[in-house]
Amino acid sequence: MKVLMIYANMFGYEPAVKSLPDFPDITEGKTYRDIQVVCVQVEESDTEKFKSVETKLVKLIKWAAKKNQTRKVLLHSFAHLSESKASPEISKQLFDRVEERLRNSGFEVEQTPYGYFLDLKLDAPGKSSARIFKSFN
């Protein structure tokens, strides 16, 4: 798994191109303020250790959100961090489980529309904890 986290003063998106036809149609965009954006690429090898990867991701997100003093998290599928990809169904399942676990811990959590290329708007502060990359093997 590859994870790029960006703390954003503002993060917005608009659906541009639907790339996976089996996922819901989305026409509206959204804008968020003071949010930990978590860009995730679930890799094929992650399916063999799904529970372990899920737990590591939840812990990493909690740590980053705490460093950036926010309880708001946005999960974003970013399938360009690695050449290896898990199936869309497995990736979405992981996102849903991580969202549930974070909500159960008192976080506000949303996901960007799955299966879309999005037009993005980003305003991120220039501090070290605002940008974090992690690779789970």
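The set of residues from the range 97-108 being in contact (Cβ under 8 Å) with a residue 12 or more places away in the chain and not aromatic (Phe, Trp, Tyr) comprises 97, 98, 99, 101, 102, 105, 106, 108.
Within the range 61-88, the residues that satisfy the criterion of being among the hydroxyl-bearing types (Ser, Thr, Tyr) and surrounded by 13 or more Cβ atoms within 10 Å (Cβ to Cβ) are 70, 77, 82, 84. For first residues located in the range 58-78 and assigned to a loop (DSSP other than H, G, I, E, B), partners that are surrounded by fewer than 21 Cβ atoms within 10 Å (Cβ to Cβ) and not small (Gly, Ala, Ser) and lie 6+ apart or on another chain with Cβ distances below 7 Å form the pairs 70/34; 71/107; 71/108; 78/4; 78/39.
Checking each residue in the range 20-56 for being under 14 Å from residue 119 (Cβ atoms) and either free of Cβ contacts under 8 Å to residues at least 24 places away in the same chain or not in a strand (DSSP E or B) (or both) picks out 26, 27, 28, 29. Considering the range 83-137, and only residues there that are of a type in the set (Ser, Thr, Tyr) and not in a strand (DSSP E or B), the residue that is nearest to residue 37 (Cα to Cα) turns out to be 112. Looking across the range 16-56, the residues that are surrounded by 13 or more Cβ atoms within 10 Å (Cβ to Cβ), at pLDDT 95 or above and either touching a Gly at 6+ places or on another chain (Cβ under 9 Å) or of a type outside the set (Val, Ile, Thr) (or both) come down to 29, 30, 32, 34, 36, 39, 54, 56. Filtering the range 95-115 to residues that are in contact with a strand residue (DSSP E or B) (Cβ under 8 Å, 6 or more places away or on another chain), buried (at least 16 other Cβ atoms within 10 Å of the Cβ) and of a type outside the set (Gly, Ala, Ser) leaves 95, 98, 99, 102, 107, 109, 111, 112, 113, 114. Residue count for the range 40-53 under the criterion of being closer than 19 Å to residue 133 by Cβ and among the charged types (D, E, K, R): the result is 2. Flag not set for residue 91, criterion: in contact with a helix residue (DSSP H, G or I) (Cβ under 9 Å, 6 or more places away or on another chain), exposed (fewer than 14 other Cβ atoms within 10 Å of the Cβ) and under 24 Å from residue 137 (Cα atoms).
The values are calculated or read from the model by the stated rules, or taken from the named source; none is laboratory data. What you are looking at is a predicted structure, and each value in this text was computed from that prediction instead of being measured. When we count neighbours, we look across all protein chains shown, and the Cβ atoms used for this are built from the backbone with ideal geometry, even at glycine.
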